[in-house]
Amino acid sequence: MSSAILQFVGWSYLPDFATKQVLGAVHQILYRFFHISPPQFRSPAYGLHYRYTFAAVVLCYLTYNFIDASSGLPKNFYELLEVHPNITDNALKIAFRTFARKHHPDRVGPQGEAHFIAVRDAFEALKDPVVRFAYDRFGPDVLHWKECNTMKEYLRRGLLSSVMYHVMTGAVLVLFSVVGKPSPIATWRYLLFIGALGLELYLILAPSPSNFRPSSFIDQAPTRSTIFNYLFPRRVAYQHVLLVHQIFIFMSVALSRVGPVLFSSLLPSDPAVEQQMVRVVAERFGMLAKTTERELSIMLNMELHAIHQSLVGGPAELVKPPEKPDVEMMQALSMEMEDIIVENKLKGELGPMRSAWDTAVQKAARRKGRGDVCKWVSTDSLQRREMGGVQGRHARARSLSF
């Protein structure tokens, strides 16, 4: 319990503190030897440097926790006897006799009595194949399970004790999810918990690595090696399970601390940074709106000048609206806009009005096919040139939408 609290406190404060110190030292070294100025605080470059440094610090701290957890486990009976877990019964007896000749209290004195008794108890336990099977999976606690006599009884008792640990751990995870703020990290914690549970069941239910003479109680299936067997060849399943528990604890705390920093999408938004980003985006939208308004104004002025029959020799940016628009030009523009509105209204109507519109469009198309339209347009233009005054120059425009 105390180790879990120390790990929680360590993961809460040490990564941030170490990252700031290391990042400051790195920036000083870069500036002193390579003349590279450090980025400003809270800038994107500074945030990128901080995440890289934080990842390196966390990796080192994870390695330290793994080494500390693996080296802190007590020795098993095989390590006390200085033998491999897959040793046979005869080799086990020979190893104990060799140990007794070297470390008997009569030879080394009273100071070696406690160690000799521990090794002797280990040998007595490992002589029984059933106890040895249970010891490999559940540790020295099986020596106190006097009510168990068969492998099934030991296995049932050991699984019940393991279930209690996982029930309490699952309840703590649910409590954190209910009390704490919603976060994607909670999902990864549950996945880590399920993975640790599955790995523990695999280690417990896997065949024993011991090569003693098979009996009717022992599973005859071949042994499957795991990464723990390669890293710690002299350890047995219950030690691997204890290490998995340690890894699960500091990995759960590490996810809560490392995830929001390494993945910016999980970081809580900074009000100052968010306000600055909103201000920059608003300024860009304002500049875009002004540019669009200016372009639209220039295009409109060019159209008005074309209708006004004005010739502009300068570039489009110099086109300016007349101070007092011509009355005749405005009248012609108003009449054309009325025609456009009427046409759009007719196109959207249903019933007799739409039928009349479609009929007129078809007639115009047939006239155009016979060449009547060109003749009609030329005659109309001649009549316009012959007419004088405003009425002749600004007769109501005809739509050519068809």
Residue in the range 192-204 that is closer than 30 Å to residue 50 by Cα and at pLDDT 80 or above present: yes
Check on residue 323, surrounded by 10 or more Cβ atoms within 10 Å (Cβ to Cβ), modelled with pLDDT under 65 and of a type in the set (Asp, Glu): no
Residue 97 vs. criteria farther than 30 Å from residue 186 by Cα and either touching a Pro at 6+ places or on another chain (Cβ under 7 Å) or buried (at least 17 other Cβ atoms within 10 Å of the Cβ) (or both): no
Test: residue in the range 156-167 that is surrounded by 11 or more Cβ atoms within 10 Å (Cβ to Cβ), small (Gly, Ala, Ser) and either outside any helix (DSSP H, G or I) or not assigned by TED's automatic domain parsing to the domain that holds residue 242 (or both): no
Residue in the range 52-65 that is nearest to residue 115 (Cα to Cα), counting only those that are surrounded by 16 or more Cβ atoms within 10 Å (Cβ to Cβ) and not hydroxyl-bearing (Ser, Thr, Tyr): 65
Conditions (1) touching a helix residue (DSSP H, G or I) at 6+ places or on another chain (Cβ under 6 Å); (2) within 30 Å of residue 243 (Cα to Cα); (3) part of a helix (DSSP H, G or I); number of the one not met by residue 23: (2)
Filtered residues of the range 55-113 (kept if among the hydrophobic types (A, V, I, L, M, F, W, C), in a loop (DSSP other than H, G, I, E, B) and under 44 Å from the mean Cα position of the chain (by Cα)): 73
Residue match in the range 43-52 (condition: outside any loop (DSSP other than H, G, I, E, B) and of a type in the set (Gly, Ala, Ser)): yes
Boolean, residue 124 is among the acidic types (Asp, Glu), over 21 Å from residue 151 (Cβ atoms) and assigned to a helix (DSSP H, G or I): no
Among (1) modelled with pLDDT of 85 or more; (2) among the aliphatic types (A, V, I, L, M); (3) outside the structural domain of residue 229 (by TED's automatic domain parsing) - the single one residue 55 does not satisfy: (1)
Neighbours by Cβ (under 7 Å, 6+ apart or cross-chain): first from the range 326-338, among the aliphatic types (A, V, I, L, M); second assigned to a helix (DSSP H, G or I) and at pLDDT below 80: 329/307; 332/307; 333/307
Residue match in the range 145-153 (condition: surrounded by 14 or more Cβ atoms within 10 Å (Cβ to Cβ) and basic (Lys, Arg)): no
Those residues of the range 18-72 which are on the phi > 0 side of the Ramachandran plot and in contact (Cβ under 8 Å) with a residue 24 or more places away in the chain, in sequence order: 42
Every pair of residues 6+ apart whose Cβ atoms lie under 8 Å, when the first sits in the range 273-295 and is touching a residue at least 12 places away in the same chain (Cβ under 8 Å) while the second is surrounded by 10 or more Cβ atoms within 10 Å (Cβ to Cβ) and not in a helix (DSSP H, G or I): 273/42
Any hit, the range 380-393, residues being more than 30 Å from residue 298 (Cβ to Cβ), surrounded by 10 or more Cβ atoms within 10 Å (Cβ to Cβ) and at pLDDT 75 or above: no
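The values are calculated or read from the model by the stated rules, or taken from the named source; none is laboratory data. Here the structure is a predicted model, which is why all the values come from computation and not from measurement. Every residue, glycine as well, gets a Cβ built from its backbone with ideal geometry; the counts of neighbours run over all protein chains shown.
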